[in-house]
Amino acid sequence: MTSSASRLKKLRTRVRQHGADALLVTNFHNVTYLTGFTGEDSFLLVTLDSATLVSDRRFTIQLAEECPGLDLVVREPGQLMLPTVADLVEKTGVELLAIESASMTVGMQQALGELAPDMRFVLSGNLVEQLREVKDKSEIEATRLACRQAAKSFEAARALITPHTTEKQLAAELEYQARRFGAKRLSFPPIVAVGARAALPHATPTDQRIEDADFVLVDWGADSGLYVSDLTRMVVTGRLSQKFARIYEVVLDAQLAAISAIRPGATCEQIDRVARDRIEAAGYGKYFGHGLGHGIGLEVHEAPRLSRGQDKVVLRPGMIVTVEPGIYLPNWGGIRIEDDILVTKSGHEVLTDVPKQIDDCHWG
Ligand code: ZN
Ligand code: ZN
């Protein structure tokens, strides 16, 4: 069975359990996951015995390349999406349609309801997203590649840093190097934060220069085609202060402890707790103001989430999560270390390979 066929099969079981006749997949990434098609503006209707992609003429060649054999309704110029979907729903005899409440807008639902007045809707929160939590072999390989590309781009960009390099220039270099090493792009606009700016967990690069402070936080990842990586490393570009060394060791210790605790059956809250306990014990609890990590895959942030409140979510083999504790001190800066971890049958495997002992942080 192709990966697309086996994913559709699993999805149909869930649609049936939901009591619906079909699911209209409107989330872009979910369409890609189920069909392999990467173009925009296309919806997938999955009934209990069929799957039809509603796309348009711009994608004719791409559709033949990416999802040969898939049933298609190709819209002609001027033929609108929702009336086309309404026709299809009518033809396939769907009475109770599950819709993706996270991507379908109220306006779209209202319009579709007017076009197909006999049909009823049921909201489905995340049927496809739940399937996406556990990665198959091909997804794991694509993630490995994204991790390697990220490591190489960092190494190359880091070697080119000078005291005059700005945050923006380093961000540009990472992007360029990632593409040179075969990535489609970086998986998100990178965070490059010099000194005190690193206290902002989501700082955007500015014209601040490397020489303006003693260290820089770099958070970046590569997109190998469909699947992404997500890492954070610190680079010490000036004097390595005792304060930096102390906080770095706390963050690294918390990260390594949390990674060691990753195994099937552990809850996402437990893993977060392991890192949080270490940081709290060192007296920095209130400076770790975000969850420990998140799933990665087709998107940079997806389920599961390693954070408080996730005590019902259990890790399973095939999940890939980031582990990224951080300590952020206003007016001083922040330290975060982030790696990507695969949950395996017997425990875990660290997919990202970029040195992170404190001596490895020295630039040059
Ligand atoms: Zn990150
Ligand atoms: Zn992350």
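So which residues in region 208-252 are more than 14 Å from the chain's Cα centre (by Cα) and of a type in the set (Asp, Glu), if there are any at all?
Within region 208-252, GLU211, ASP212, ASP214, GLU249 meet the criteria.
Which of the residues belonging to region 301-324 are more than 22 Å from ASN30 (Cβ to Cβ), of a type in the set (D, E, K, R) and within 16 Å of ligand 2 (Cβ to nearest atom)?
Listed by number, the list holds a single entry, GLU324.
Exactly one of (1) of a type in the set (Val, Ile, Thr); (2) more than 19 Å from MET119 (Cα to Cα); (3) under 25 Å from the mean Cα position of the chain (by Cα) is unmet by THR60. Its number?
(3)
Do you know which residues across region 155-169 are modelled with pLDDT of 95 or more and surrounded by 17 or more Cβ atoms within 10 Å (Cβ to Cβ)?
ALA157, ARG158, THR165, THR166, GLU167, GLN169
Give me a count of the residues in region 97-141 that are hydrophobic (A, V, I, L, M, F, W, C) and more than 20 Å from GLU299 (Cα to Cα).
Total satisfying the criteria: 13.
Restricting the first residue to region 278-300 and requiring it to be within 22 Å of ASP230 (Cα to Cα) and among the charged types (D, E, K, R), which pairs with a second residue that is modelled with pLDDT of 95 or more and more than 15 Å from ligand 1 (Cβ to nearest atom) meet a Cβ separation below 8 Å and a spacing of at least six or different chains?
GLU299/HIS29
If you go through region 345-357 one residue at a time, do you hit one that is without any contact (Cβ under 8 Å) to a residue 60 or more places away in the chain and within 16 Å of ligand 2 (Cβ to nearest atom)?
Scanning region 345-357, I find no residue that is without any contact (Cβ under 8 Å) to a residue 60 or more places away in the chain and within 16 Å of ligand 2 (Cβ to nearest atom), so the answer is no.
Can you tell me which of (1) within 14 Å of ligand 2 (Cβ to nearest atom); (2) out of contact with any His (no Cβ under 9 Å at 6 or more places or on another chain) is the one ILE327 doesn't meet?
(1)
Identify, from the list LEU63, LEU88, LEU97, the residue that is in contact (Cβ under 8 Å) with a residue 60 or more places away in the chain, crowded, with 18+ Cβ neighbours inside 10 Å and under 19 Å from LEU34 (Cα atoms).
LEU97
Among the residues of region 251-287, which ones are away from ligand 1 (no atom under 16 Å from the Cβ), β-branched (Val, Ile, Thr) and surrounded by fewer than 21 Cβ atoms within 10 Å (Cβ to Cβ)?
THR267
Which of (1) within 16 Å of ligand 2 (Cβ to nearest atom); (2) assigned to a strand (DSSP E or B) does GLY291 not meet, given it meets every other one?
(2)
Given the condition under 20 Å from ALA193 (Cβ atoms), among the aliphatic types (A, V, I, L, M) and within 16 Å of ligand 1 (Cβ to nearest atom), answer yes or no: does some residue in region 338-353 qualify? I'd like the intermediate steps shown before the answer.
Taking region 338-353 and keeping what is under 20 Å from ALA193 (Cβ atoms), we get 338-339, 352.
With among the aliphatic types (A, V, I, L, M) added as a condition, the list becomes none.
No; the residues of region 338-353 include none that is under 20 Å from ALA193 (Cβ atoms), among the aliphatic types (A, V, I, L, M) and within 16 Å of ligand 1 (Cβ to nearest atom).
Of all residues in region 109-125, how many are out of contact with any Asp or Glu (no Cβ under 9 Å at 6 or more places or on another chain) and closer than 23 Å to LEU11 by Cα?
So the count comes out to 4.
Taking the condition of being of a type outside the set (Phe, Trp, Tyr) and either outside the structural domain of THR165 (by TED's automatic domain parsing) or away from ligand 2 (no atom under 13 Å from the Cβ) (or both), how many residues in region 223-238 meet it?
9
Checking the structure you have, find out if any residue of region 295-316 is within 16 Å of ligand 1 (Cβ to nearest atom) and among the basic types (Lys, Arg).
yes
Starting from region 155-172, keep only residues that are over 18 Å from GLY221 (Cα atoms) and assigned by TED's automatic domain parsing to the domain that holds GLY221, then list their pairs with residues that are of a type in the set (D, E, K, R) and surrounded by fewer than 16 Cβ atoms within 10 Å (Cβ to Cβ) whose Cβ atoms are within a distance under 9 Å, requiring at least 6 positions of separation or different chains.
Within 9 Å, the pairs are THR162/GLU211; PRO163/GLU211; HIS164/GLU211; THR165/GLU211; THR166/ASP207.
Can you find, within region 87-134, the residue that is nearest to ARG75 (Cα to Cα) among those that are assigned to a helix (DSSP H, G or I) and charged (D, E, K, R)?
Within region 87-134, the match that is nearest to ARG75 (Cα to Cα) is ASP87.
I'd like to check which strands (runs of 3 or more DSSP E) are fully inside region 311-364 and have at least 3 residues that are loosely packed, with under 14 Cβ neighbours inside 10 Å and either of a type in the set (S, T, N, Q) or touching a helix residue (DSSP H, G or I) at 6+ places or on another chain (Cβ under 7 Å) (or both).
none
The values are calculated or read from the model by the stated rules, or taken from the named source; none is laboratory data. Values in this document were obtained by computation on a predicted structure and should not be read as measured data. Virtual Cβ from ideal backbone geometry, glycine too; neighbours counted across all protein chains shown.
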